[in-house]
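Report on one structure; see the data block that follows.
Bear in mind that the values in this text are calculations on the coordinates, not laboratory data. Just so we're clear, the structure is a prediction, and the values are computed from it rather than from any experiment. Note that each Cβ is placed from the backbone with ideal geometry, even for glycine, and that neighbours are counted across all protein chains shown.
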Amino acid sequence: MVAAVDLGSNSFHMVVARMAGGQPHVLDRLRERVVLAAGLDKKKRLSAEIQEKALGVLRRFGQRLADLPAGSVRAVGTNALRQAANARSFLLRARRELGHPIEVISGREEARLIYLGVAHSLADDAGRRLVIDIGGGSTECILGERLEPVATDSLYMGAVTWSRRFFPHGEIRRRRMDEAVIAARLELQSIEHHYQAVGWERCVGSSGTILAIEAMLRAQGWTERGVTLAGLEKLRKAVVEARTTDALDLPGLPPERAEILPGGLAILIAAFDSLHIARMEITPASLREGLLYDLVGRIRHEDARQRTIRQFSQRYHVDLEHAARVERTAMAFLEQVARAWDLGGEDSRQMLAWAARLHEIGLSVSFAGHHKHGAYIARHADMPGFSREEQQVLAALVGSHRRRLQVEDFRALPAAREAEALRLCALLRLAVCLTRSRSPRPLPTIRLKAGSHRLRVSFPRGWLARHPLTRADLLNESVALGSAGMSLSTG
């Protein structure tokens, strides 16, 4: 049993599936409209009212997921939570109600997951596809072939945000509709030339907004199947003539979508204009289906994050032999302290391994301060498969693998991960220190004993005396770790 939860800017979705033959078979779906994006004030803070509404939904989702084990549920937040200034405090409460971790993903990671869900719903042909998903707070555009995206973009416009911006209080005017379309075309300018140059054979639309628009076009007889620009222009005229969202009474329009229809329609018209789309096919598959397939991949050891780590190692010319040496050393240390430091989970093992493999990516910029360069790359680069939180942890580890320990980077992490990340950092620093010579000769037997805030490292008798540089490095390590309230001793 696996489940995916999508904390969207308009609605929260949950899908529960059973694994059979390596494929998820849906058993249950839940959807509740929250309109998280509408709860953001001028300072980008989620209102208390919208938080309570969202927590109530997650409490109900949590009841359905109560019997699913750790690792079988993937829950993600999208644009509204990417923007929310108080997302961190909200997520602490949200995780407790859901009973499972919640990640906030980047726009491009959202686009990748949407494409994964859509691609699995289509025939496995070799043609290139353009996929468009209009969410509540953002619009994702993806070019891909079969199961692989080749371009992913997330634009800062969505059905909720555009409706609030151009159609306040539900008032619809022709001039405001024109302005909304023009503003959306301006957002699309950043991608239109590249997308047109690459080209595609099929255009596919996903998301509730596009599905609702297609349903209205069919109900009016303005299309037999899919979406066309001619049909959109007829719908545009009908929406403007209604003058208010309360007066919208179009066949096929779900009542709860009326207030965000004008913004979503303006964005879709702009997409057709800017990208010269002739016809758009429709699929109900979207982010939550992509989450399911991504989760299945992780369970089957086909984790997109592993592929990203390999690609980064190649892109930044990592010394693979040395990185593997550091990884082996760090993992051997982890085995010795896992129980004492509560690092026995797969997440801890993976994060330490990834940090070891990428700890020197900053050398591609320069040797001076390469740990800081590496941290910047890990924090800000597009890393398919990784959540924002995972990138923050990875950046903290890479940025503190040498020299001064950047304590502020760890304090910026969610409280639940700060202590774990600091302990992983101590193991990574120790592994880097002891493999500094880059020699292929194996290290001696090294014993670690860990306490709550202390680590003792024991070497064979006389070994440190014969390796004065290592001894000096370990003294420096003791000072660095001490700045984070951790004592290091040797013997």
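Work out, step by step, the length gained on full extension between ASN86 and HIS169: first 0.36 nm times the residue separation, then minus their alpha carbon distance; give nm to one decimal.
Details: separation 83, 0.36 × 83 = 29.88 nm, distance 2.58 nm.
Gain on extension, ASN86 to HIS169, equals 27.3 nm.
Just one of (1) 158; (2) 201; (3) 131 is volume of the Cα convex hull per residue in Å³ as worked out from the coordinates here. Which one is it?
Here the calculated entry is (1).
What nm distance separates the two modelled labels at ARG225 and GLU145, each placed 7 Å from Cα along Cα→Cβ?
2.6 nm
Give the lysines whose C-alpha is closer than 24 Å to that of LYS43, dropping any in the same chain fewer than 8 places away, or say none.
LYS53
Would you please classify the overall shape of region 2-106 from the alpha carbon gyration tensor, given that a ≥ b ≥ c denote the square roots of the eigenvalues, rounded means a/c under 1.5, and beyond that prolate means a/b larger than b/c while oblate covers the rest?
Details: a/c = 2.11, a/b = 2.03, b/c = 1.04.
Prolate shape, in that a/c is at least 1.5 and a/b is the bigger ratio.
Grab the DSSP H runs of the chain that are 4 residues or longer, score each as -39,500 (n - 2.57), total them, divide by all residues and round the 222 nm result to the nearest 500 deg cm²/dmol. Kindly include the intermediate steps, with their values, before the conclusion.
Values: 18 runs with 243 residues, N = 491.
Value at 222 nm, helices only: -16000 deg cm²/dmol.
Put a dot 7 Å past each Cα toward the Cβ at GLU179 and SER489; how far apart are the dots in nm?
Label at SER489, label at GLU179, 7.0 nm between them.
Nearest 10 degrees, 0 to 90: what angle lies between the long axis of helix 174-198 and the longest principal axis of the chain (Cα atoms)?
Relative to the chain, helix 174-198 is tipped by roughly 50 degrees.
Provide the per-residue ³J(HN,Hα) series for region 439-453, in order, calculated from phi with Karplus coefficients 6.51, -1.76, 1.60 and θ = phi - 60°, each as a whole number of Hz, with x at glycine and proline positions.
Per residue, the Karplus-derived 3J(HN,Hα) values read 7, x, 5, x, 6, x, 5, 10, 10, 10, 10, 10, x, 4, 10 Hz.
What angle, in degrees between 0 and 90 and rounded to the nearest 10, separates the Cα long axis of helix 87-98 from the longest principal axis of the Cα atoms of the chain?
90 degrees
Find how much the distance from ARG471 to GLU32 grows on full extension, using 0.36 nm per residue of separation minus their present alpha carbon separation; answer in nm with one decimal.
Values: separation 439, 0.36 × 439 = 158.04 nm, distance 5.96 nm.
Net length gain for the segment: 152.1 nm.
At a threshold of 8 angstrom on Cα-Cα distance, excluding pairs fewer than six apart, so keeping six or more, what relative contact order does the chain reach in percent? Before the final figure, lay out each step's value.
Details: 879 pairs, mean separation 60.6, N = 491.
Computed value for the chain: 12 percent relative contact order.
Counting other C-beta atoms within 10 Å, and keeping those with at most 14, which DSSP coil trypsin sites (Lys or Arg not before Pro) do you find in region 73-156? List each step's numbers first, then the result.
Numbers: sites: ARG74, ARG82, ARG88, ARG93, ARG95, ARG96, ARG108, ARG112, ARG128, ARG129, ARG146; in loops: ARG146.
Hits after loop and neighbour filter: ARG146.
For region 100-118 and region 250-315, compute the distance between their C-alpha centroids and round to whole Å.
Centre-to-centre distance over Cα atoms comes out at 9 Å.
With the cut-off at 1.5 for a/c, could you classify region 303-443 from its C-alpha gyration tensor as rounded, prolate or oblate? Present the calculation step by step, with values, prior to reporting the outcome.
On the way: a/c = 1.30, a/b = 1.04, b/c = 1.26.
Rounded.
Using the alpha-carbon centroid of each, what span in Å lies between region 350-403 and region 166-207?
So the two Cα centres are separated by 36 Å.
Between GLY135 and residues 5 or more places away or on another chain, which pairs have amide H atoms under 5 Å apart, with H built 1.01 Å from N, and which residues are they?
GLU140, ALA159
Under the classification rounded if a/c is under 1.5, otherwise prolate if a/b is larger than b/c and oblate if not, where does region 123-282 fall, given a ≥ b ≥ c as square roots of the Cα gyration tensor eigenvalues? Kindly include the intermediate steps, with their values, before the conclusion.
On the way: a/c = 2.03, a/b = 1.50, b/c = 1.35.
It is prolate, given that a/c is not under 1.5 and a/b is the larger ratio.
Length gain on complete extension for the stretch SER364 to ARG310, per 0.36 nm per residue less the alpha carbon to alpha carbon distance?
Numbers: separation 54, 0.36 × 54 = 19.44 nm, distance 1.55 nm.
My answer for the length gained is 17.9 nm.
Order 477-489, 344-356 from most to least packed using the mean count of other Cβ atoms within 10 Å.
Numbers: 477-489: 15.7, 344-356: 19.1.
Descending packing order for the listed peptides: 344-356, 477-489.
If you filter region 16-62 for GluC sites (Glu not before Pro), then keep DSSP loop positions with at most 15 other Cβ within 10 Å, what is left? Don't jump to the answer; show the numbers that get you there.
Values: sites: GLU32, GLU49, GLU52; in loops: none.
Hits after loop and neighbour filter: nothing returned.
Would you kindly derive the ³J(HN,Hα) couplings of region 473-486 from the backbone phi angles with the Karplus curve 6.51 cos²θ - 1.76 cosθ + 1.60 (θ = phi - 60°), listing them in order in whole Hz, with x for Gly and Pro?
Residue by residue, region 473-486 yields 4, 5, 5, 5, 4, 4, 5, 4, 5, x, 5, 9, x, 10 Hz.
If you filter region 364-454 for chymotrypsin sites (Phe, Trp or Tyr not before Pro), then keep DSSP loop positions with at most 11 other Cβ within 10 Å, what is left? Working shown, then result.
Working: sites: PHE367, TYR376, PHE386, PHE410; in loops: PHE367, PHE386.
Qualifying residues, ordered by number: PHE367.
Cα axis of helix 208-219 to longest principal axis of the chain: angle in degrees, 0 to 90, nearest 10?
Around 20 degrees separate the two axes.
Assuming R0 = 22 Å, can you tell me the calculated FRET efficiency for the pair GLU346 and ALA416, based on Cβ-Cβ distance, to the nearest 0.05?
Rounded to the nearest 0.05, the efficiency is 0.85.
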